[in-house]
1. Name the pairs: first residue in region 57-75 and farther than 13 Å from residue 36 by Cα, second residue assigned to a strand (DSSP E or B), Cβ to Cβ under 7 Å, at least 6 apart or on different chains?
2. With respect to the numbered conditions (1) touching a Gly at 6+ places or on another chain (Cβ under 6 Å); (2) closer than 16 Å to residue 2 by Cα, which one is the sole condition not fulfilled by residue 50?
3. Give the residues of region 88-109 that are open to solvent by 70 Å² or more (accessible area, probe 1.4 Å), more than 15 Å from residue 16 (Cβ to Cβ), more than 11 Å from the chain's Cα centre (by Cα) and touching a residue at least 12 places away in the same chain (Cβ under 8 Å), sorted by residue number.
4. Considering only residues that are assigned to a loop (DSSP other than H, G, I, E, B), more than 16 Å from residue 17 (Cα to Cα) and open to solvent by less than 60 Å² (accessible area, probe 1.4 Å), which ones fall in region 36-65?
5. Just a yes or no: is a residue in region 66-87 more than 23 Å from residue 13 (Cβ to Cβ), in a loop (DSSP other than H, G, I, E, B) and open to solvent by 70 Å² or more (accessible area, probe 1.4 Å)?
6. Hey, does region 13-29 have a residue that's part of a loop (DSSP other than H, G, I, E, B) and open to solvent by less than 30 Å² (accessible area, probe 1.4 Å)?
7. Of 33, 5, which residue is open to solvent by less than 70 Å² (accessible area, probe 1.4 Å), of a type in the set (Val, Ile, Thr) and either modelled with pLDDT of 95 or more or in contact with a Phe, Trp or Tyr (Cβ under 7 Å, 6 or more places away or on another chain) (or both)?
8. Going through region 8-18 one residue at a time, which ones are in contact with a Leu (Cβ under 7 Å, 6 or more places away or on another chain) and at negative phi?
Amino acid sequence: QVQLVESGGGLAQPGGSLRLSCAASTSIFHIDVMGWYRQAPGKQRELVASSSSGGNTNYAGSVNVRFTISRDNAKNTVDLQMNSLKPEDTAVYYCNARNWGENYWGKGTLVTVSS
């Protein structure tokens, strides 16, 4: 069982930056994929960015270049640096761990981008 706790959400202005952090209750060294998802009101949850145990990263096209995922196996954390934020980035952001077909989710942190 992996427990995930997100932090760092809040209000940002368009063009601004936020950094989200996800802390895991266990070692993430062997976890296949750590990722960030988001769900906007009335929309389905979607993948934002992911980081595999082999070091590969993957980004949604809508955030590519603007967002950066970083995985720290020593600290058991995965962060999401979000730059050049847009109003359409407003959503609840969830941390995810996927391992051996099992999915674990955090409770989410709200990001609001508005002037």
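The values are calculated or read from the model by the stated rules, or taken from the named source; none is laboratory data. Given the structure is predicted, the values throughout are model-derived calculations rather than measurements. Glycine also receives a Cβ, built like all others from the backbone with ideal geometry; neighbour counts cover every protein chain displayed. Each accessible area value is taken on the protein alone, full model and side chains, heavy atoms only, with ligands, DNA and RNA left out. Shrake-Rupley method; radii C 1.70, N 1.55, O 1.52, S 1.80 Å.
1. 66/82
2. Looking at each condition in turn, residue 50 falls short on (2).
3. 98, 100, 107
4. Let us first name the residues in region 36-65 that are assigned to a loop (DSSP other than H, G, I, E, B), namely 40-45, 53-56, 60-65.
Now restrict to residues that are more than 16 Å from residue 17 (Cα to Cα): 40-45, 53-56, 60-61.
40, 55, 60, listed by residue number.
5. To start, the set of residues in region 66-87 that are more than 23 Å from residue 13 (Cβ to Cβ) comprises 70-78.
From what's left, in a loop (DSSP other than H, G, I, E, B): 73-76.
Imposing the further condition that a residue be open to solvent by 70 Å² or more (accessible area, probe 1.4 Å) reduces the set to 74-75.
Within region 66-87 (the criterion being more than 23 Å from residue 13 (Cβ to Cβ), in a loop (DSSP other than H, G, I, E, B) and open to solvent by 70 Å² or more (accessible area, probe 1.4 Å)), the answer is yes, since at least one residue qualifies.
6. yes
7. Selected residue: 33, the only one of 33, 5 that is open to solvent by less than 70 Å² (accessible area, probe 1.4 Å), of a type in the set (Val, Ile, Thr) and either modelled with pLDDT of 95 or more or in contact with a Phe, Trp or Tyr (Cβ under 7 Å, 6 or more places away or on another chain) (or both).
8. Taking region 8-18 and keeping what is in contact with a Leu (Cβ under 7 Å, 6 or more places away or on another chain), we get 8-10, 12, 14-18.
Matches in region 8-18: 9, 12, 14, 16, 17, 18.
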